[in-house]
1. Accessible area of Val33, 1.4 Å probe, to the nearest 10 Å²?
2. Where a Cα-Cα gap under 15 Å defines reach, which aspartates and glutamates qualify for Lys30, not counting those fewer than 8 residues away within the same chain?
3. Starting from the Cα gyration tensor of region 132-177, take the square roots of the eigenvalues, sort them a ≥ b ≥ c, and report rounded, prolate or oblate (rounded when a/c is under 1.5, otherwise prolate if a/b is larger than b/c, else oblate).
4. From largest accessible area down, sort Leu127, Leu155; use a 1.4 Å probe on the protein chains.
5. As a test of reading the structure, rank Asp133, Asp87, Asp46 by solvent-accessible area (1.4 Å probe, protein chains only), most first.
6. With labels modelled as points extended 7 Å from the Cα through the Cβ direction, what inter-label distance (nm, one decimal) is found for Glu182 paired with Phe97?
7. My understanding is that a pair violates if its Cα-Cα distance is over 30 Å; which of Lys74/Lys225; Lys126/Lys158; Lys74/Lys126; Lys71/Lys104; Lys59/Lys126; Lys71/Lys126 do that in this structure?
8. With all protein chains present, calculate the accessible area of Arg86 using a 1.4 Å probe and round the result to the nearest 10 Å².
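The values are calculated or read from the model by the stated rules, or taken from the named source; none is laboratory data. Quick caveat, the model's predicted, so the values are computed rather than measured. Glycine gets a Cβ as well: all are built from the backbone with ideal geometry, and neighbour counts include every protein chain shown. Heads up: the accessible areas ignore ligands, DNA and RNA and are worked out on the full protein's heavy atoms, side chains in. Shrake-Rupley method; radii C 1.70, N 1.55, O 1.52, S 1.80 Å.
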Amino acid sequence: MKKTSVSILAAVICSLLFASCIVRQYPAEKRTVSVRGTGSIPVEADRAIIVLSVITTAKDAGTAAGQNAEKMTKVQDAVIAAGCSRDSISTENYTIFQEYEYMKDRRVPGDYRVSNEIKIYLMDKKLASTIIDSAIKAGANSLSSLSFTVSNPELAIKQARTAAVQNAHEAAKLIAGTTGSELGKVLKIEEVKDGYNAPLAKAYANPRFESAASNDVSTPVQSGKINFTVTVDATFELK
């Protein structure tokens, strides 16, 4: 019995010693490289958006509003005569308020101020200078903004997206080669979305009223090019 017990104990000890020597292999973690790529495509602007106003003041609100309506009617008629369609004109904002001033620490009511602001969307940017000059001569006395845009941005966005992916691939390939690795397949790619890219592009100009209002010289307007930019984040496998 003693010999049998010793034999069983020895077998158990050998089994435990053998088990403790087993080397377990786990799959190696996949090596990757993550990069950011950007593509930018410049496009010539072909459309313009003008926001201008007629502002009038008078002792009573009715008079100020009446004067404003008369002048704005002339402005819109002049703009249409200059080549803008009526459907391209929309009211942006209309306000009436009384101005105040301080005299000897007293708040004294002043004139009523009426502002009628309209947006003019031009299908042809070349009309911008003519429209501005015509509106000013007809009575417009405030211009809030002049912006330029593109009628068909889809093609530019597609090209910018392609350029961004190519840029990311080139960056990843460079990093892989520098580290003595080979670039494998793409594992993940996503387009970066942020507030800046939402409108995609906009260009501004600041024409001077004086040139059109006091002379026969046209207001110089230059639209330039608009950059459509797309950014992507990509992760590639390293071999």
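1. Its accessible surface works out to 10 Å², give or take rounding.
2. Glu182, Glu237
3. Values: a/c = 8.89, a/b = 3.87, b/c = 2.30.
Prolate shape, in that a/c is at least 1.5 and a/b is the bigger ratio.
4. Working: Leu127 45, Leu155 100 Å².
Correct descending sequence by accessible area is Leu155, Leu127.
5. Working: Asp133 15, Asp87 150, Asp46 55 Å².
From most exposed to least exposed: Asp87, Asp46, Asp133.
6. Using points 7 Å along Cα→Cβ, the separation is 7.0 nm.
7. Details: Lys74/Lys225 33 Å; Lys126/Lys158 27 Å; Lys74/Lys126 22 Å; Lys71/Lys104 36 Å; Lys59/Lys126 40 Å; Lys71/Lys126 25 Å.
Result: Lys74/Lys225; Lys71/Lys104; Lys59/Lys126 exceed 30 Å.
8. Near enough 150 Å² of accessible area.
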